[in-house]
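Presented below is the structure to which this report refers.
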Amino acid sequence: MKPKYYLTTPIYYLNAEPHIGTTYTTIVADVIARYKRMLGYEVFFLTGTDEHGQKVMNKAKDLNLDPQEYCDMVSGKFKSLWKDLNLSYDYFVRTTDESHMKTVKYFINKMIENGDVYKGKYEGWYCIPCETFWTEEDLKDNKTCPDCGKEVKWVSEENYFFKLSKYNAPLKKLFRENPEFMQPTFRRNEMLNILESGLRDLSITRTSFDWGVPLESDPEHVVYVWVDALLNYISAIGYPDDSEKFDKYWPAQLHLIGKEINRFHSLIWPAMLMSVGLPLPEKVFAHGWLTVNGEKISKSTGNAIDPRILIKTYGNDPIRYYLLKDIQFGRDGDFSEDNLINRINSDLANDLGNLLHRTVAMIKKYNGGKIPEKGTPTEHDEKLYDLIEKTITNYKKEMDELKFSNALETIWELVRFDNKYIDLTEPWKLEKNDEYKGMLDTVLYNLLDVIRLVSLMIEPIMPETSQEIFKRIGVEDGTFSDLSTGKLESGKNVYSDIPLFPRIDVKKHKKVIKMKDDTVKEEKIDKEEKVDEENVVGIDDFKKLQFRVALVKSAENIKGSEKLMKLKVQIGDEERQIVAGIAKHYRPEELVDKKIIVFANLKKTKLFGVESQGMLLAAKNEKTLKVLTVDGDIDSGSVIS
Ligand code: MSP
C-alpha cells in the first residue's frame, strides 16, 4: 500500500480576487504535492475558499449582491485560475458547503460537551480585514490593528468563549517536545513567546451579523470565521461522517500557510483539536510574504499583480521556476519582473534550453536522430556520473526540507556541467574518426540521459516543461524509480524544432507589472527622474546585480603579475575562480577561510590569461585596500541585498 501524504493550503478569503501573493502558497503546495506523488505517496492536496465572516459579507453588500451569489462568483474565479495555473489539487473545499457547515456544528457541539465553551461578554476591538479580536494592550498607539495597521472597531457583544487558556500548558509541551511541529524555527520561537505570555480565552461566536454557520444550540450566534475556516481541514476529508476517509488521511502531514496566520494554525487549531481529542497535524510551515518594492502584495495596497497577465506573458513554468528559485522559501521575497526575465534568459533559455537543443542537434547530425546505445567510455564520464549521483541525493534532501531554491541550484549545477561535458569531449572531433564512434555514442547517450534526469527532477516545479522534454527525447513518462543513470531507452527518435524557452529581447519587451495605485506609480516616476538627474542607478538596476557571500578555499599569486591573485571560492554548492587585484595588500594565506562578498553575476572574463568568474568587493583609499567581509557567521552562498 502506498504511504499517504495529506497537504493543505489556507483557504482564501473571497473579498478579493486571487493575486500573485495568494497564488504563491498554492503553487508551492502544488510543487510539494507533485514531488510526493513522484516519490510514490498517495497524496491528498486540499485547497479552497473561506467564505463567511464580516469582511466577505461587507464586500457582497458593497456590490449589492447576495453573499452566497457573490461567493459563488469569486470562488469560481479562484477555481478557474487554479486550473489555468495547472494546479493539481485533489479537492476544493468551500466553507459554505453543506457538508462543511455540518462538520462545524458537530465539532462545536463536541467542544461544548467537553466543557470547553462558556458564555460571556466580549468587549474589545475587532479588525475586520484580519477578522481578528484584539485587546486594548494589543493595539498600536494610534489604535490600529497590530497585524495590518488598519482601523479597528469596538465590539461589545454577548459571545461564547473557547477555553483556549486551558491549553497553554499542553501547547507549550507540544512546542518543546516536537520542534518539527512548527517551522521555520524563527517563527516557532515567535509562537513560543506568545505561549510564554499566556493565551487568553477566545471568543468563538458573533451576534452582530449573520453570515456564518449558526450555532446549533443558540442559532442567534454564528461561529467565528476563523474557527469555521480551520475546520475545513477535517470537513474536506469527511469528518465525522466518512470515518474511513477521515482515518485514512488525518492527521495532515503539512499545513502550508503564510506567516501572518501562524497563530491561528499553530496555537488555536491544535488547541481545538486537543479539545475534542483528535490527533494533531504533523507540521505547520509558515512562509514569508511576496512583496513588490518591499510592500506586501494585496488589493488594498494597490500593487496586486494579476497572475493571468503574468502567465499569459511568461508561461506557468517560468513563473514557478522564478518563484521557487529566487525566493528563499520561508523568508519574504521581492517579486521583480526584471529578475524573472533574467532567470528566463539565463537559466531556462541559455542553460537548459540550449543544452537540449545542442544535444538533439548532435544526435541528428551524428546518429540520424536516433538515441545511440552507450559505447566505449571517455575520460570525462566518471566525473559526470559522480555529479549525477551527488545531484540526485542533494536534490531529494533539499526538496524534503522544502529548500526549493537549493534543490534547483543543485539541478542547475548538473545542467551546466552537462554543457561543459560537450566542450570537454568535443563530439565534433570524435565524429571525424571511426575509431572514436563508440566514444561519440557514449557522449551523446550521456548528454541526453542527463537531460532525462533533469527533466524528472524538475517535474514537480516545471511539469509542463518536463512533459515537453520527455516528448522530444522519446521518454513515455517518468517516476523517481527512473532516477538513476543508464535508464534512457536507445533507438528512440529525438527532435527539438522550436526553442524550449524563447529568449526575451529585453530591449523590445514590454513589461506587464503595473503598480495599480497611481500615487505609487507617480512616486516611482518621480524617483526615476531624480535618478537621471543625479546620474545614479535605480533599484531595478541594482537588483540585476547578484552579490553573494563566498568562502575562500585557496588563494595564490598569479605568476608574472604584481597585482593579481587567483582565489578559489565556494558560493553555496558552487566552486568558482576569481581573479582580484589585491596581491599588493594581502598575502594569499591571509584570505583563506574568510567569508568575502562577491559580485556573482558579472560576465566571465580573463585577466592575465586566467579566467575570472566574478569579482570580489573591496574598500580602497590611496594607501590601503581592505576586502569586504560579513559581520558574523553566515552560510556561503547567502544573498546580499
Ligand atoms: N482565510 C484566511 C485563511 C484561513 S485558513 C484556515 C486567510 N485568507 S487570505 O486570503 O487572506 O490569505 C490566504 C493566504 O495567502 C495566507 O497564507 C497568506 O499569507 C497568503 N498571502 C496573501 N498575500 C500574500 C503575499 N503577498 N505573499 C505571500 N502570501 C500571501 O488568511
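Subtracting the Cα-Cα distance of Phe608 and Ser554 from their residue separation scaled by 0.36 nm leaves 17.6 nm.
Within the shell of other residues whose beta carbon sits under 11 angstrom from the beta carbon of Thr313, the net charge comes to +2, with Lys and Arg scored +1 and Asp and Glu -1. Atom-type composition of the exposed protein surface of segment 365-501 places 49 percent of the accessible area on carbon and sulfur (1.4 angstrom probe).
What FRET efficiency comes out for the pair Asp147/Glu435, r = Cβ-Cβ distance, R0 = 56 Å, nearest 0.05? Efficiency at R0 = 56 Å is approximately 0.20.
Using only C-alpha atoms and all pairs of different ones, pull out the Kirkwood radius for the chain in Å with one decimal.
Numbers: mean 1/r = 0.0360 Å⁻¹.
One over the average 1/r among Cα pairs gives 27.8 Å for the chain.
Taking a virtual spin label 7 Å from the Cα of Glu190 along the C-beta vector, which residues in segment 138-164 bring their backbone nitrogen under 19 Å of it? Correct set: 138-141, 144-150.
Taking amide H atoms as placed 1.01 Å from N in the peptide plane, the amide H of Met182 lies under 5 Å from those of Val284, each 5 or more residues away in sequence or on another chain. Amide H contacts of Lys4 (H built 1.01 Å from N, in plane; Pro and chain starts excluded): Glu42 sit under 5 Å, all sequence-distant by 5 or more or on other chains. Thr95: net charge of surrounding residues, Cβ under 10 Å, Lys/Arg +1, Asp/Glu -1, itself excluded? The answer is -3.
Taking every alpha-carbon pair under 8 Å whose residues sit at least 6 apart, the chain reaches a relative contact order of 11 percent. Per residue, the accessible area of the chain comes to 46 Å² when a 1.4 Å probe rolls over the protein heavy atoms. What FRET efficiency, computed as 1/(1 + (r/R0)^6) with R0 = 41 Å and r the Cβ-Cβ distance, is obtained for Lys83 and Lys507, rounded to the nearest 0.05? So the FRET efficiency works out to roughly 0.75.
Taking 7 Å steps out from each Cα toward its Cβ at Lys383 and Arg331 produces label points 3.1 nm apart. Computed over segment 22-144, the P(r) tail beyond 21 angstrom holds 61 percent of alpha carbon pairs.
Could you tell me which helices of the chain pass both thresholds, a Cα extent of 20 Å or more along their own axis and a mean Kyte-Doolittle hydropathy of at least -0.5, with helices taken as whole DSSP H runs?
Result, helices passing both filters: 20-39, 404-425, 437-458.
Computed over protein heavy atoms with a 1.4 Å probe, the carbon and sulfur contribution to the accessible area of segment 7-109 reaches 47%.
Under the combined filter of DSSP loop state and at most 16 neighbouring Cβ atoms within 10 Å, segment 100-178 retains these trypsin sites (Lys or Arg not before Pro): Lys140, Lys143, Lys150.
If you take all other residues with their beta carbon under 10 Å from the beta carbon of Lys374, and give Lys and Arg +1 and Asp and Glu -1, the sum is -4. If you plug the beta carbon distance of Glu113 and Glu17 into 1/(1 + (r/R0)^6) with R0 = 56 Å, you get a FRET efficiency near 0.90.
Taking amide hydrogens as placed 1.01 Å from N in the peptide plane, the amide H of Ala583 sits under 5 Å from those of Leu564, Met565, each at least 5 positions away in sequence or on another chain. Between Glu69 and Arg587, the contour length at 0.36 nm per residue exceeds the alpha carbon distance by 179.1 nm.
So the label point goes 7 Å from the Cα of Phe599 along Cα→C-beta, right? Which residues of segment 627-641 then have their backbone N under 19 Å from it? 627-630, 637-641, by backbone N distance to the label point.
The values are calculated or read from the model by the stated rules, or taken from the named source; none is laboratory data. Predicted model only: the values in this text are computed from it and were never measured. Counting neighbours? That spans all protein chains shown, and the Cβs are built from the backbone with ideal geometry, glycine included. Ligands, DNA and RNA are stripped out before the accessible areas are found, and what is left, the full protein with its side chains, is counted by its heavy atoms. Shrake-Rupley method; radii C 1.70, N 1.55, O 1.52, S 1.80 Å.
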